[in-house]
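The values are calculated or read from the model by the stated rules, or taken from the named source; none is laboratory data. Since we're looking at a predicted model, the values are computed, not measured. As a convention, Cβ positions derive from the backbone with ideal geometry for all residues, glycine included, and neighbour counts pool all protein chains shown.
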Amino acid sequence: MKSYLIFPLKNILYISFAFLFLLAAEQLYAQDQKIGYFESDMILAQLPEYGGIEQRLQLLSSGWQEEAQELLDEITFLEEDYEAKQILYTDEIRKQKQDEITQKKKQRQTFLQQKFGPNGEYFQQQSDLLEPIQRKVFSAARTVAIEKGYDFIFDRSGDIYMIYARAEFDITTDILLELGIDIEN
């Protein structure tokens, strides 16, 4: 009877060891992914063409800042002139002067929006000038990722962006199917 109990116990031990071995192998496979990162800001600063772009943007920006300062100086002059002479003005002239100041302030605000706003000329110029260089850097990063066998590459300058991922890790289709959305390939 003892030999009967030992045989199943041995089998249970063998099965347990096999299960643990398979579990450890799965963990090793999951840890075998290669992840890399780079800092595009540092790379861009090393590119000669980037320095020229920065200078062009700085010149453009400083010219617009001077224009904005001139408008502000005009507003300050109009306000000071109004304050000094308002007692001499009729109600009609007082209203005209106030409207002139308000109009000049709106003009300056519009100018600042057109030049430096989120959709302004500065950011458009910046995007137009930097986009080809950024594409070049990201293309080089993808090439290095493929050559060196990386699974994921991130750019950690500013916000963190995924620049490269192996297609085998794309689960978009699986998620769509899970949501009940059938896609045709």
Worksheet, complete the sentence: Checked LYS136, LYS115 against criteria (in a helix (DSSP H, G or I), in the same structural domain as TYR37 (by TED's automatic domain parsing) and surrounded by 15 or more Cβ atoms within 10 Å (Cβ to Cβ)); the one match is LYS115
Discussion item. With the structure loaded, tell me whether SER157 is touching a Ser or Thr at 6+ places or on another chain (Cβ under 6 Å) and either in the same structural domain as GLU54 (by TED's automatic domain parsing) or at pLDDT 85 or above (or both) or whether it fails that test.
Written reply: yes
Discussion item. For PRO48, only one of the following conditions fails: (1) farther than 30 Å from GLU131 by Cβ; (2) modelled with pLDDT under 95. What is its number?
Written reply: (1)
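Residue-wise test of (1) in contact with a strand residue (DSSP E or B) (Cβ under 8 Å, 6 or more places away or on another chain); (2) among the aromatic types (Phe, Trp, Tyr).
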residue	(1), (2)
GLN125	no, no
PRO132	no, no
SER139	no, no
TYR150	yes, yes
ILE153	yes, no
ALA167	no, no
THR173	no, no
LEU176	no, no
ILE183	no, no
Discussion item. Take the conditions farther than 30 Å from GLY52 by Cβ and either in contact with a Pro (Cβ under 6 Å, 6 or more places away or on another chain) or surrounded by 13 or more Cβ atoms within 10 Å (Cβ to Cβ) (or both) and apply them to ASP155. Does it pass?
Written reply: no
